[in-house]
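Following: one structure in structure tokens, then a few remarks.
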Amino acid sequence: MSDTPVNKLQKLRQFGQSPWYDNIDRRLIDSGELRSFFDMGIVGVTSNPTIFEKAINGSAVYDEKIKRLKKEGKSLEVIYDDLTADDVRDAADMLSGAYDRTEGLDGYVSIEVLPLYAHDPKKTIEYARHIHKKVSRKNIMIKVPGTPQAPEAIRSLISEGISVNVTLLFSVEQYERIALAYMDGLRDRLRLGLDLKSVSSVASVFISRIDTKIDNILDVFINREAEVEARDKIAVLKGKMAIANAKFIYRRFKELFDDRIFGDLKAWGARVQRPLWASTSSKNPIYSDCIYVDNLIGPMTVNTMPHQTVLAFLDHGHIALTLESDLERAEAYALQLGELGVNLTTICEEAQKEGVLAFGRSVDALMDSLKAKVN
């Protein structure tokens, strides 16, 4: 007998992985659909500027509030803050039970610092404090892009007790920087005599974009090859590198949060900073629509899934501990990629820069839309 939809999400949690939902929209909140996802086993919500841009531009449900706020004399930036904070606050209230039940492991809603501040730690800290105070819920995480400038902000916010979702991570190197910054923030907090258990963090590693970028490069190599055998050898790498990269990051996570490094903080009640798999919808129609869920299941992780991926996984996802399997094969793929002259680290650096720019464009488009709606 196959698992029921509820049991599939619950079984992920039995395997140590928390299923979160990568979407927020006033229509989902008001209709009760978001609550139904929580009832099925979703235990967290992530948002980003692109999600909010689609939600606010995609319907008229926000229009009345936008016009009212404008009449009150509020700027477009304040209107943006009010709209997003209201949605996050309401979702956080619905997840407060999950937060309490898991003793602060899950039940979070994430809201992102403006992409404009991605390379400015001081402004990131200032805006994070502002939005944390505005939403005013214990179970929110402030999303901070994991740029080279991010560690300063992460360390400061964690030391202050503000939970952080570090987003737009792609490479092992990017991941390691922010994991160490999280630990530094915990140590600062400990020196101040403050408790560690009340603060939490996840490291959001973007998955599908790696395959998209590398597959495009591989297609160029394939088209250059005259020999079928050579083309087939390259084609084997398509759809493989994003999962391989996630396995490498998970391996580094286990090393960094081993008791030899993290044990002193753990003894004071500190939580590990779990890897969170983001961008887990399949962008290539020839790949399974559950490819980035089925193949990334492992303990002490989160997978935040967009709407259609949740439905696909409930319908035909496969549950098994896959995250640490075939590591040698993943290393062989990475070696073969390197032999082709493709540098995975460089690809990841490009992807992060593109991600910051894409979120920035979403905020710009949303501001243009708000301006049109109030005129």
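Restricting the GluC sites (Glu not before Pro) of segment 82-156 to loop positions (DSSP other than H, G, I, E, B) with no more than 11 neighbouring Cβ atoms within 10 Å leaves Glu103.
Based on Cα contacts under 8 Å between residues 6+ apart, segment 17-172 shows a relative contact order of 20 percent. Each other residue within a Cβ distance under 13 Å of Pro306 adds +1 if Lys or Arg and -1 if Asp or Glu, for a net charge of -1. Cα convex hull, the chain: 146 Å³ per residue, rounded to a whole number.
Surface calculation, 1.4 Å probe, protein heavy atoms: Ile261 sits at approximately 70 Å² accessible. Take the Cα of Arg89, step 7 Å along the line toward its Cβ, and report every residue of segment 112-142 whose backbone nitrogen sits under 11 Å from that point. Counting backbone N atoms under 11 Å from the label point, the list is 133-137. Axis of helix 327-339 versus longest Cα principal axis of the chain: the two differ by about 80°, to the nearest ten degrees. Each of Ala235 and Arg252 was given a label point 7 Å from its Cα along the Cα-to-Cβ line. The distance between the two points is 3.3 nm. Taking the C-alpha atoms only, the angle from helix 121-135 to the longest principal axis of the chain is near 60 degrees. When the scattering of segment 259-375 is computed by the Debye formula from its Cα atoms alone, each counted once and equally, what is log10 I(q)/I(0) at q = 0.14, 0.17 Å⁻¹? Relative scattering, expressed as log10 I(q)/I(0), comes to -0.94, -1.16. Taking amide H as placed 1.01 Å from N in the peptide plane, the amide H of Ser282 sits under 5 Å from none that are at least 5 places away or on another chain. In the complete set of protein chains, residue-level accessible area for Leu180 is approximately 70 Å², probe 1.4 angstrom.
Sequentially through segment 40-53, phi angles give Karplus couplings (6.51, -1.76, 1.60; θ = phi - 60°) of 7, x, 5, 10, x, 9, 10, 9, 7, x, 5, 4, 5, 4 Hz, Gly and Pro residues having no value and appearing as x.
Here the calculated FRET efficiency for Ser325 and Glu225, from their Cβ-Cβ distance with R0 = 25 Å, stands at 0.25, rounded to the nearest 0.05.
Counting protein heavy atoms only, the chain has 51 percent of its accessible area on carbon and sulfur, 1.4 angstrom probe. Considering Cα pairs under 8 angstrom that are at least six residues apart, work out the relative contact order of segment 264-304 and quote it in whole percent. In percent, rounded to a whole number, it is 47. Label-to-label distance, Gln149 versus Arg361, with points set 7 angstrom from Cα along the beta-carbon direction: 2.1 nm. Note on surface exposure: Lys283, Lys143 rank Lys283, Lys143 by accessible area, highest first, 1.4 Å probe. Of His318, His130, His307, His119, the order by accessible heavy-atom surface (1.4 Å probe, DNA, RNA and ligands excluded), from most exposed downward, is His318, His119, His130, His307. Sequence-distant contacts, meaning Cα pairs under 8 Å at least 6 residues apart, place the relative contact order of the chain at 20 percent. Only Lys, Arg, Asp and Glu carry charge here, each on its Cβ (+1 for the first two, -1 for the last two); on that basis the chain has a dipole of about 1000 debye about its Cα centre. Highest mean first, the peptides 202-214, 339-351, 289-301 sorted by other C-beta atoms within 10 Å per residue fall in the order 202-214, 289-301, 339-351.
Close amide H contacts of Val202 (hydrogens built in the peptide plane, cut-off under 5 Å, sequence separation of 5 or more or a different chain): Val164, Asn165, Val166.
Note down the net charge around Lys71, summing +1 for each Lys or Arg and -1 for each Asp or Glu among other residues with Cβ under 12 Å from its Cβ. Counting the neighbours of Lys71, the net charge comes to +3.
Among residues other than Ala365 with Cβ under 10 Å from its Cβ, the summed charge is -1 (Lys and Arg +1, Asp and Glu -1). Over the chain, DSSP H runs of length four or greater, each weighted -39,500 (n - 2.57), average out per residue to a 222 nm ellipticity of -18500 deg cm²/dmol. On C-alpha positions alone, give me the angle between the axis of helix 241-256 and the longest principal axis of the chain, in degrees, nearest 10. Computed tilt is about 70 degrees. Between Met141 and Val109, Ser110, Ile111, the built amide H atoms are under 5 Å apart, and every one of these is 5 or more places off in sequence or on another chain. The Cα center of segment 250-298 and the Cα center of segment 29-86 differ in position by 28 Å.
The values are calculated or read from the model by the stated rules, or taken from the named source; none is laboratory data. Everything numeric here is computed off the predicted structure, so don't read it as measured data. Positions of Cβ are backbone-derived with ideal geometry, glycine not excepted, and every protein chain shown enters the neighbour counts. Heads up: the accessible areas ignore ligands, DNA and RNA and are worked out on the full protein's heavy atoms, side chains in. Shrake-Rupley method; radii C 1.70, N 1.55, O 1.52, S 1.80 Å.
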